[in-house]
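Reviewing the structure listed below.
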Amino acid sequence: MSQHSIIPASLAITSMRDSGYKTAAHAIAELIDNSIQATAKTVQLICIDKSTLSSQRRMKYVDQVAIFDDGKGMRPHILQQALQFGGGAHRNDPNGIGKFGMGLPSATISQCRRLDVYSWQNGECYYTYLDVGKVEAGELNSVPEPIAKKLPSMWLEAIGEDYNSEHGTIAIWSDLDRVTWKTSKSLYIHSEKLIGRMYRHFIANKQITVRFKSFVNDVTLIKDRNELFKVNDPLFLYKNTILPELPGDYKNESFFEQFGDDQIIPIELNNGKKGDVVIKYSRVIKPIHQAILRESSVDVGRTPFGRLAAENNGVSVIRSNREIKMTDIFNSTDPRDRWFGVEVAFTPVLDELFGVTFDKQDVVNFELIDLKTEAENEGYDSEDKLQMREFEELFNREKTDRYWIYKIATEIRKNITSLRAHTTSLKDGALVKKNSLDAPRLTHAEEVAKKVADKRISEKKATDSDLTFHNPEVSKEDKEKALSKALEKDNIGIDKEEAKEVAKTLINNDCNVKFLEQPLRGSVFFDVASEAGTVIVLLNTNHEFYKFYNGISDDKKELMKLVLIAWAQCEDESSSRMRSDMEDVRAQWGKMMKDYLYELND
């Protein structure tokens, strides 16, 4: 009786070609994973271009793509196994970066129709291949047994100084029918940022060097490009990265600073598996942000720094130090969210919890979980408080996979609230630029406050602050210096350069009232300070009220500023005892408002 395969290889390979690698760079990453697993120190992405005459112009196109590494190489039976779907040697390695065993063949056929692999150990080189055309024609039903074969001289020349005759591997793609990018230059441009981000920890810690090379192969092999992939860090904590050089004294600094310590969440799944989820946060260094603003003719968001930050905006999910995905789990729409970073890291033992796909491009279980929806899915009435309480107790007690995903996302959301308070206090275009002819202007609320102060003075009702600010015996320059120094104090906390600009604006416009948005400690939703004859209102960006304030229209914001400025003026004109009482009321008011607004904003 003849035997029939349940799924004929010719049909299976055609279906598997549509496995869904997002780009050639994502497919190439699978091969780099294999190199890292093979303890390589050097990886090369090599493109061989051909040229053709088209419309009287000679055009270059990518003819072959190869990944070389100086790793430990493979013995013949391991090499044969590596080209089988699901047959990778590290499939049972619980901590392996490439444990799924699908990377090399599945990534390859998603981009091309032919794979040739040479691998050598102790100077002995073996070769085998995979050919989609032969599989489709029924001529090839299994991976050919590897044969001893020397590495062709063209590839020896292309690898160059990184070649080690004792050990290494090169995987060569040809018949590139599905690579979107048709030139080596385009392939490099589109893969540079992605590969630099995926493997940033390996590159930054000098665990591997990833190099891009391209050659034109018409008659002889001519080198066209030789570039190192640089770190592309979405948390911007590493130095010497793909980021443009920072301005002034910040040239050798990191763009962002870490926010708090690493947050470690110990996970214990119901199947007995245990592992830690490590969450790292970063935020832009405010003086650097302002330095970029001063040196630029556009807002910071439109500079190369801002554009790269926008491209890297989201939560970076890291598995075994390699990025799986940059996900916008919180559906960010505020462009200022680019000024902070979040990284969630775990080991392969938690693959099932996060839902890591076999191609390592997604974490399908990592999502926001709404407890009311979750309760309804389990048959509870989410509008019934008793049933909801019963569900929440069960949810917390059983600690299912959904519980852990909910806990991780909730912890991130809490910290993002504080990070947004920092980023919303940034000035992005409000300060004077170096080449601007326009002097800094007051806000509408500050202009109104100035008119009220002018009227007080004309009616001989000037306050102590008015008299100090308008003291004719103090020069304009000295007033600016005194006010600038006062604005740098811890209770106000703006950086030196911004303090100078604010002081200059107020003195030039003869205004002794300033409204600032700053992160403050405690429950106050705004604070009041009196410095160098200036009444300063500080709106607390860490308070729940700020979410409400940040969501209203600009004209309503100006009205709100006037309300708070009026209170501040009352405090400034009061006796010491009454001022102390007003501070207490303000603190109690802020605490009560936080409770009410937390429910409104949740």
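The values are calculated or read from the model by the stated rules, or taken from the named source; none is laboratory data. The structure displayed is predicted, hence computed values, not measured ones. Every residue, glycine among them, receives a Cβ derived from its backbone with ideal geometry; neighbour counts consider all protein chains shown. To get the accessible areas, we keep the full protein, side chains included, count just its heavy atoms, and leave off ligands, DNA and RNA. Shrake-Rupley method; radii C 1.70, N 1.55, O 1.52, S 1.80 Å.
Some notes on this structure:
- Total residues in segment 475-491 satisfying the condition of being closer than 30 Å to F548 by Cβ and either of a type in the set (S, T, N, Q) or out of contact with any strand residue (DSSP E or B) (no Cβ under 6 Å at 6 or more places or on another chain) (or both): the figure is 5.
- Restricting segment 285-320 to residues that are aliphatic (A, V, I, L, M) and open to solvent by 20 Å² or more (accessible area, probe 1.4 Å), the residue that is nearest to the chain's Cα centre (by Cα): A310
- Taking the criterion of being within 43 Å of the chain's Cα centre (by Cα), under 30 Å from A12 (Cβ atoms) and open to solvent by less than 60 Å² (accessible area, probe 1.4 Å), the residues of segment 119-143 that qualify are S119, Y126, Y127, T128, Y129, L130, D131, V132, G133, V135, V143.
- For the residues A345, A291, the requirement of being in a helix (DSSP H, G or I) and not basic (K, R) singles out A291.
- Which listed residue is among the acidic types (D, E), farther than 20 Å from A566 by Cα, open to solvent by 60 Å² or more (accessible area, probe 1.4 Å) and part of a helix (DSSP H, G or I), from E498, E477: E477
- Test set (1) hydrophobic (A, V, I, L, M, F, W, C); (2) open to solvent by 70 Å² or more (accessible area, probe 1.4 Å); (3) within 27 Å of K22 (Cβ to Cβ) - L353 fails condition number: (2)
- Scanning segment 225-245 for residues that are within 20 Å of I324 (Cα to Cα), among the aliphatic types (A, V, I, L, M) and over 13 Å from the mean Cα position of the chain (by Cα) yields a single hit, I242.
- Test set (1) without any contact (Cβ under 8 Å) to a residue 60 or more places away in the chain; (2) in contact with a Gly (Cβ under 7 Å, 6 or more places away or on another chain) - F236 fails condition number: (1)
- Residues of segment 495-532 that turn out to be under 18 Å from R441 (Cβ atoms) and of a type outside the set (D, E, K, R), as a count: 13
- Segment 267-288, subset among the aliphatic types (A, V, I, L, M) and outside any loop (DSSP other than H, G, I, E, B), residue farthest from P348 (Cα to Cα): I288
- Of everything listed in (1) closer than 23 Å to W589 by Cβ; (2) modelled with pLDDT under 90; (3) within 35 Å of the chain's Cα centre (by Cα), the single unmet condition for V537 is (2).
- Residue within segment 201-220 that is under 25 Å from N312 (Cα atoms), in contact (Cβ under 8 Å) with a residue 40 or more places away in the chain and part of a loop (DSSP other than H, G, I, E, B) present: yes
- If you filter segment 377-389 down to residues that are assigned to a helix (DSSP H, G or I) and not hydrophobic (A, V, I, L, M, F, W, C), you find that the one that is least open to solvent (accessible area, probe 1.4 Å) is Q387.
- Any strands (runs of 3 or more DSSP E) falling wholly within segment 104-196 and containing at least 1 residues that are touching a Leu at 6+ places or on another chain (Cβ under 9 Å), closer than 21 Å to I48 by Cβ and without any contact (Cβ under 8 Å) to a residue 40 or more places away in the chain: 124-131
- Candidates L483, L538, L516 - the one that is in contact (Cβ under 8 Å) with a residue 24 or more places away in the chain, open to solvent by less than 10 Å² (accessible area, probe 1.4 Å) and in a helix (DSSP H, G or I): L483
- Residue identified as open to solvent by less than 40 Å² (accessible area, probe 1.4 Å) and without any contact (Cβ under 8 Å) to a residue 60 or more places away in the chain among E367, E374, E343: E374
- Residue selected from segment 437-451 under the condition at pLDDT below 70 and out of contact with any helix residue (DSSP H, G or I) (no Cβ under 8 Å at 6 or more places or on another chain), by the criterion nearest to T534 (Cα to Cα): D438
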